Amino acid sequence: MSTSFFERDKNMGSKVVYQIYIRSFQDANGDGIGDLRGITSRLDYLQELGIDYMWITPFFPSPQNDNGYDVSDYRAIEPLFGTMNDFEELSREAAARGIGLMLDMVFNHTSTEHEWFQRALAGDPKYLAYYKFVDAAPDATAENPGEPPTNWESKFGGNAWEYVPSLNKWYLHLFDVTQADLDWDNPEVRSELADVLRFWRSKGVNAFRFDVVNLISKPAEWESDYEGDGRRFYTDGPHVHEYLQELVREGGIDGLMTVGEMSSTSIDNCIRYSNPGRHELGMTFSFHHLKVDYPGGDKWSLMDPNIPALCRLFRDWQEKMSAGGGWNALFWSNHDQPRPNSRFADTEGYWFESSTLLLACTHLMRGTPYIYQGEELGQTIMDFTSIDQYRDVESVNYYRILQERGRSAQESFDIVHARSRDDGRYPMAWDNTETAGFTTGTPWIGIPANHAYINAKDEMADAGSVRSFVKRLIALRKEMPLIQAGDVRFVDSPSDKVIAYERMLGDERMLVQCNFSGEEQPALPAEGANVLIGNYGDAGAVVLRPWEAIAYVWR
Ligand code: GLC
Ligand code: CA
């Protein structure tokens, strides 16, 4: 560990962030969609869990084509989710309980309904220069627009350029066609966005998540990618660090609790993004560990997770980020990922062990843990049975694309079922009643049948529940500088199904062993140590049982 960062590590390492997918957390007005007042009504629950910040997914005005990640006004509240008064009340009530609000800033793109884009469409040169517009061929027509500027693929499928006949230009959209990429090379755009940060700062917000923020700096020349989908040209792009430093400085957020979502990034870049000496961000989300079940990198084909690869990735990201003074966000789950317990473990046979194994594995690492709503309950993958139950634009698109690529309807459904972002976007289960305590109306998306026993009310009353286990992990992190700021070193285990690492601080040492299999595996020796926490109770064992996680300490 770089000792000069000890204070940073202790500070960031003592925090736990809870992610709220606002649409699905709690509905207060019976329209079936979660809202700000719903969150306010559940603050006691969050305080009792012991978290420090809540990251709330975007609640700004938006046509909701990508559930709020298509923002049409950065300084107001989407009426579906409430009013500015509701926001201020939430913020006050959260602060009264020691919980900070982390806002989700979607600065790579705006909705095409944003006033800037609308003015661009009307031909205003100032606003045309806010986006990545490129001239089409002089003879292009709506029916025959010709070739787009590059062959890059949108992350939601199809080409990443859209032709606008009235302008005879193409615009870039790395995501949905209604999410137009901003031109960060334009200083006016950068200054508008810094001003958005100052606006929310003036409302007392002191934590921010930045959506796909390593994609903001596009290359100077438009070049087709004949080896991939284009991402190598715009990921961690040429000016990304410089633009982030400027945003942080001008937005007045240096040293605050911030996290950047980094798509397909590298360790070197994440060290730069999160080393405090560089005045960029507090920490980074990276996703390589969540692709160990993508054959050849393809999200839309299925395979079992490759556990040795998972272990190598954790080892690299833990040890190298530490050596470089970087800081990791620790997570398995968010609103873009299918529930990880079903995906990486076995919720059919070992639901409790699977859910708690994953949580113990990341919560004891070096970094700041994030809990995605319902993860603390062990909520599993959605039990959808037909494609019309899905809501997400990506899932709906890929169900069609997979069939166009020759998969049968059933195969396509099975793939979407395992990969859909809706697998984690269904409502939070508060209790075992018909609508799970989420709404008094009709929920906007289905509710899984297993809320009959996986729900907050029952789990809060049960000392042996997944939620009680997580609560203990959070409490341990608060108590133990070893967990907050200890060095991290991965340990070779006799089994390639086991992920094992040590944390060290002064005279204290911790050994964490996680069995990622349904069979017994040999355990590493732990003579003279005490069990700190384990999902089979507090007695140590000579073998690791199915999906067992156990942490020992020497002190
Ligand atoms: C991020 C968000 C995701 C969204 C995308 C485009 O990956 O987490 O939900 O669709 O960015 O904004
Ligand atoms: Ca509502």
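The values are calculated or read from the model by the stated rules, or taken from the named source; none is laboratory data. Small disclaimer: the values here were computed from a predicted structure and weren't measured. Every residue, glycine among them, receives a Cβ derived from its backbone with ideal geometry; neighbour counts consider all protein chains shown. The protein model used for the area step is the full one, side chains on, heavy atoms only, and it has no ligands, DNA or RNA in it. Shrake-Rupley method; radii C 1.70, N 1.55, O 1.52, S 1.80 Å.
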Within the range 104-125, considering residues that are open to solvent by 10 Å² or more (accessible area, probe 1.4 Å) and small (G, A, S), the one nearest to ligand 1 (Cβ to nearest atom): A122
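Residues that are open to solvent by 10 Å² or more (accessible area, probe 1.4 Å) and closer than 19 Å to M84 by Cβ: find the helices (runs of 4 or more DSSP H) completely inside the range 1-68 holding 3 or more of those.
Values: elements: 6-12, 36-41, 43-49.
Those helices (runs of 4 or more DSSP H) span 36-41.
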Count of residues meeting criterion [assigned to a strand (DSSP E or B), under 14 Å from L357 (Cβ atoms) and touching a helix residue (DSSP H, G or I) at 6+ places or on another chain (Cβ under 6 Å)] in the range 496-532: 2
Filter result for S333 (open to solvent by 20 Å² or more (accessible area, probe 1.4 Å) and of a type in the set (S, T, Y)): no
Search result, residues across the range 352-377 that are open to solvent by less than 10 Å² (accessible area, probe 1.4 Å) and assigned to a helix (DSSP H, G or I): S354, S355, T356, L357, L358, L359, A360, C361, T362, H363, E376, L377
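May I ask you to verify whether R343 is outside any loop (DSSP other than H, G, I, E, B) and of a type in the set (D, E, K, R)? Spell out the reasoning first.
Numbers: outside any loop (DSSP other than H, G, I, E, B): yes; of a type in the set (D, E, K, R): yes.
Taking the combined requirement at face value, the residue satisfies it.
Given the criteria in the same structural domain as R209 (by TED's automatic domain parsing) and within 15 Å of ligand 2 (Cβ to nearest atom), does D35 qualify? Before the answer, list the steps.
Working: in the same structural domain as R209 (by TED's automatic domain parsing): yes; within 15 Å of ligand 2 (Cβ to nearest atom): yes.
Here the answer is yes, as D35 does meet what is asked.
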Which numbered condition Y45 fails, given (1) within 16 Å of ligand 2 (Cβ to nearest atom); (2) in contact (Cβ under 8 Å) with a residue 40 or more places away in the chain; (3) of a type in the set (S, T, Y): (1)
Counted residues, the range 455-474 - those being open to solvent by 40 Å² or more (accessible area, probe 1.4 Å) and of a type in the set (A, V, I, L, M): 3
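Can you tell me how many residues in the range 420-432 are within 16 Å of ligand 2 (Cβ to nearest atom) and either free of Cβ contacts under 8 Å to residues at least 12 places away in the same chain or within 28 Å of L302 (Cβ to Cβ) (or both)?
Residues in the range 420-432 being within 16 Å of ligand 2 (Cβ to nearest atom) and either free of Cβ contacts under 8 Å to residues at least 12 places away in the same chain or within 28 Å of L302 (Cβ to Cβ) (or both): 4 in total.
Yes or no: the range 81-92 includes at least one residue that is in contact (Cβ under 8 Å) with a residue 60 or more places away in the chain, part of a loop (DSSP other than H, G, I, E, B), open to solvent by less than 20 Å² (accessible area, probe 1.4 Å) and not assigned by TED's automatic domain parsing to the domain that holds Y171. If you could, list the steps in order and put the result at the bottom.
Keep residues of the range 81-92 that are in contact (Cβ under 8 Å) with a residue 60 or more places away in the chain, which gives 87-88, 91.
Next cut, part of a loop (DSSP other than H, G, I, E, B) only: none.
No, the conditions are met nowhere in the range 81-92.
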Of all residues making up the range 1-38, the number that are under 17 Å from M102 (Cα atoms) and in contact with a strand residue (DSSP E or B) (Cβ under 6 Å, 6 or more places away or on another chain): 8
Condition broken by L167, with the remaining ones in (1) open to solvent by 40 Å² or more (accessible area, probe 1.4 Å); (2) in contact (Cβ under 8 Å) with a residue 24 or more places away in the chain satisfied: (1)
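Within 16 Å of ligand 2 (Cβ to nearest atom), of a type in the set (V, I, T) and either without any contact (Cβ under 8 Å) to a residue 40 or more places away in the chain or outside any loop (DSSP other than H, G, I, E, B) (or both), is that true of T435? Steps first, please.
On the way: within 16 Å of ligand 2 (Cβ to nearest atom): yes; of a type in the set (V, I, T): yes; either without any contact (Cβ under 8 Å) to a residue 40 or more places away in the chain or outside any loop (DSSP other than H, G, I, E, B) (or both): yes.
So T435 fits the description; yes.
Residue-by-condition table, conditions (1) farther than 19 Å from D211 by Cβ; (2) free of Cβ contacts under 8 Å to residues at least 40 places away in the same chain; (3) assigned by TED's automatic domain parsing to the domain that holds M54:
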| position | (1), (2), (3) |
| --- | --- |
| K126 | yes, no, no |
| A160 | no, no, no |
| L174 | no, no, no |
| R190 | no, no, yes |
Set D70, D86: member being away from ligand 2 (no atom under 16 Å from the Cβ) and either in contact with a helix residue (DSSP H, G or I) (Cβ under 8 Å, 6 or more places away or on another chain) or at pLDDT 95 or above (or both): D70
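Looking at the range 22-52, which of its residues are within 16 Å of ligand 1 (Cβ to nearest atom) and either touching a helix residue (DSSP H, G or I) at 6+ places or on another chain (Cβ under 8 Å) or of a type in the set (D, E) (or both)? Before you say what the answer is, go through the steps one by one.
Residues of the range 22-52 that are within 16 Å of ligand 1 (Cβ to nearest atom), as a first pass: 22-25, 34.
Matches in the range 22-52: I22, F25, G34.
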Check on G230, more than 17 Å from V106 (Cβ to Cβ), open to solvent by less than 30 Å² (accessible area, probe 1.4 Å), outside the structural domain of L103 (by TED's automatic domain parsing) and within 16 Å of ligand 1 (Cβ to nearest atom): no
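If you check G325, G349, which single one turns out to be surrounded by fewer than 23 Cβ atoms within 10 Å (Cβ to Cβ), out of contact with any helix residue (DSSP H, G or I) (no Cβ under 9 Å at 6 or more places or on another chain), in the same structural domain as S14 (by TED's automatic domain parsing) and at pLDDT 95 or above? Spell out how you get there, then give the answer.
Numbers: G325 fails: out of contact with any helix residue (DSSP H, G or I) (no Cβ under 9 Å at 6 or more places or on another chain).
The match here is G349.
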Which numbered condition P522 misses (of (1) in the same structural domain as G349 (by TED's automatic domain parsing); (2) open to solvent by 40 Å² or more (accessible area, probe 1.4 Å)): (1)
